[in-house]
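A quick write-up on the structure given underneath.
The values are calculated or read from the model by the stated rules, or taken from the named source; none is laboratory data. Fair warning: this is a prediction, and the values are worked out from it, not measured in the lab. All Cβ positions, even for glycine, are placed from backbone atoms using ideal geometry, and neighbour counts span all protein chains on display. Heavy atoms of the whole protein, side chains included, go into the accessibility calculation; ligands, DNA and RNA do not. Shrake-Rupley method; radii C 1.70, N 1.55, O 1.52, S 1.80 Å.
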Amino acid sequence: MSDLNHQNKKASISPWIQTVIWVLLLFLANLPIFTRSNSEFDSVFKHYARVLANGGDIYHEGSTFMYPPWMATATAPIAWMPHIPARIAWGIANMFFLWKAIRCAWNLSIGPNPTLSESQRVKIAFSGFLCSATYFLNCISHQQFDVIIAGLIFWGLWELSRSKPVISGILLGMGAACKMTPLLFLPYFIYRGYWKTTLTLLLTFIFCNFLPEALWGLPKDGIPRMAVFAKKTLAPLLDANFVPGTWGSEIIFNQSLAGLSKRWNQTKLEKVDGKVQVIPCEPRVSQKVTKLLLIGFVAVCGIFAIFCLGKPGGQNTSLNSDSSMVLCGMLLLSPMSGLAHFGILLLPALNIANGTTTVQSRNWMVLFLILPIIGGACLNKDLVGNNLYSMFLWYATATFATISLFLGNGLLSRQARKNT
């Protein structure tokens, strides 16, 4: 009897120990937020949230705010706090959404596989960690919104898998309102027939980005802020003379397909005084040829995606693999994908790692994890040093890692459809 009581006591304590470990790990991961005195969160998000709340123009000439107005609106409650309380609030928010991202990605990818042994679960978790930890830490170090966005997306997908389409649409709509790339889920949801999620996502996106007008009224010129954002940031992308990959940051940091095309066509690597640097050079091919190649590659990826998705409809047959393809597409098709954005590769990596445990795919599915693991290790400047870091960036390691995960998850999606 005493042994039984001891076991029950031990079982009741275990969840508390797990919670303490989670909080400690999340706190350590977010330590830069609590310790850095100045960051992009202060100079960009907090600053322009104050400008917005004071009726100023967040998109004025020379503004460094290149996001939809929702980003400034969401930051406004923290922006007016004193420095230390603001740091604590922002840190807790990042801890919560990082935990949500990890938990929901794990449930989406591993939940459908109850036959996994403990050792297999450890291997899968370690693979996901290797493929995504560098990017999450990069985001936290620069104190951007991408941990929040990842948490919202994975949480929304998890709710969709639990047949809660409205909650899913609200969460995904908030994520899309931050940086717009999650809008790529709309064609997928339409294809699969998730009509409630599609409508709720759209309405949430519109509500979030027009909320500043409800709270603080129209700007002095009478033009809604979202319209100004679209004119200033999105319209130039459609200009005939626009060079894909051009953005406010240095080209070496743009790991989207557009960034790759511009970097490989208009720059080269040179070693100057022992330091590898990116040097502008004459274009190797015309801009027209570059655009055609880029469009052609995107078209091939689109055809591959449709081939893997199969016939329209078929909800929840392979939501984890399908949504992983969409996540990879967000990174590849974005006009600018920095390393901080690539934390969403957690779900695609976990899903493929889980795929390696099935009898049908274990011999070849592991190949799709090689590049993502290399990218996760070699895109950490502290580990490899500045020169190798620059080389791996220039050669688009994160881009090819994403392509690898896109292809692997596509094949898993196709396989899941064959098995149903």
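Give the calculated FRET efficiency between residue 123 and residue 288 to the nearest 0.05, with a Förster radius of 45 Å applied to their Cβ-Cβ distance. Write down the numbers at each step before the final one.
Numbers: r = 47 Å, r/R0 = 1.04.
With R0 = 45 Å, the Cβ-Cβ based efficiency is 0.45.
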Exercise. Quick one: if the Förster radius is 35 Å, what FRET efficiency do residue 83 and residue 113 give, using the C-beta to C-beta distance and rounding to 0.05?
Worked result: 0.15
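Rounded to the nearest 20 debye, what is the charge dipole size of the range 13-119 about its Cα centre when +1 sits on each Lys and Arg Cβ and -1 on each Asp and Glu Cβ? Intermediate values should be presented prior to the final figure.
Values: 6 positive and 5 negative charges, 47 e Å.
Here the size comes out at about 220 debye.
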Exercise. Under the Karplus relation 6.51 cos²θ - 1.76 cosθ + 1.60, θ = phi - 60°, what is the ordered set of whole-Hz ³J(HN,Hα) values for the range 223-233, x standing for Gly and Pro?
Worked result: 9, x, 4, 5, 5, 5, 4, 4, 5, 7, 9
Problem set entry | Overall form of the range 74-217 per C-alpha gyration tensor (a/c, 1.5; a/b vs b/c) | oblate
For this session: Find which of 131, 334, 84 sits farthest along the positive direction of the dipole of the chain, computed with +1 on the beta-carbon of Lys and Arg, -1 on that of Asp and Glu, about the Cα centre.
Result: 131
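Probe of 1.4 angstrom, ligands and nucleic acids ignored: what's the accessible area per residue over the range 305-420, in square angstrom? It would help to have the intermediate numbers written out before the result.
Details: 4330 Å² over 116 residues.
Solvent-accessible surface per residue comes out at 37 Å².
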Problem set entry | Accessible area in the full protein assembly, largest first, 1.4 Å probe, for 341, 60 | 60, 341
For this session: Express in whole angstrom the spacing between the alpha-carbon centres of the range 354-415 and the range 276-303.
Result: 22
For this session: List the longest stretch of the chain that has no exposed loop site; here a site is one of the GluC sites (Glu not before Pro) assigned by DSSP to anything other than H, G, I, E or B, with at most 15 other Cβ within 10 Å.
Result: 62-249
Seminar exercise, completed: Projected onto the charge dipole of the range 110-204 (unit charges on the beta-carbon of Lys, Arg, Asp and Glu, signs +1, +1, -1, -1), the Cα from 180, 153, 199 with the largest positive-side position is that of 199
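Of the chain, which part is the longest with no trypsin sites (Lys or Arg not before Pro) in a loop (DSSP not H, G, I, E, B) and with at most 16 other C-beta atoms within 10 angstrom?
Details: sites that count: 36, 162, 220, 284.
So the longest stretch without any such site is 285-420.
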Seminar exercise, completed: the range 70-128 accessible area per residue, 1.4 Å probe, protein heavy atoms, integer Å², reads 47
Seminar exercise, completed: Expressed in nanometres to one decimal, the distance between label points 7 Å along Cα→Cβ at residue 38 and residue 207 is 3.9
Exercise. Hey, how many Å between the Cα centroid of the range 193-241 and the Cα centroid of the range 26-87?
Worked result: 20
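Might you report the magnitude of the Cβ-based charge dipole of the chain about its Cα centre, with Lys and Arg at +1 and Asp and Glu at -1, to the nearest 20 debye?
Values: 33 positive and 17 negative charges, 161 e Å.
With only Lys, Arg, Asp and Glu charged at Cβ, the dipole is about 780 debye.
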Problem set entry | Candidates 187, 69, 348: whichever shows maximal mean-square fluctuation once the chain is modelled as a Gaussian network with Cα springs under 10 Å | 187
Exercise. Could you give the length gained on full extension between residue 14 and residue 268, defined as 0.36 nm per residue of separation minus the Cα-Cα distance, in nm?
Worked result: 86.0 nm
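For residue 370 and residue 277, compute 0.36 nm times the residue count separating them, minus their Cα-Cα distance, and round to one decimal in nm. Please report the intermediate quantities before stating the final value.
On the way: separation 93, 0.36 × 93 = 33.48 nm, distance 2.67 nm.
Length gained, residue 370 through residue 277: 30.8 nm.
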Exercise. Listed here are the pairs 123/311; 268/288; 46/268; 232/275; 164/311; which of them are more than 25 Å apart at the Cα?
Worked result: 123/311; 46/268; 232/275
Exercise. Using a Gaussian network for the chain with springs between C-alpha atoms less than 10 Å apart, which of these wobbles most: 279, 140, 58?
Worked result: 279
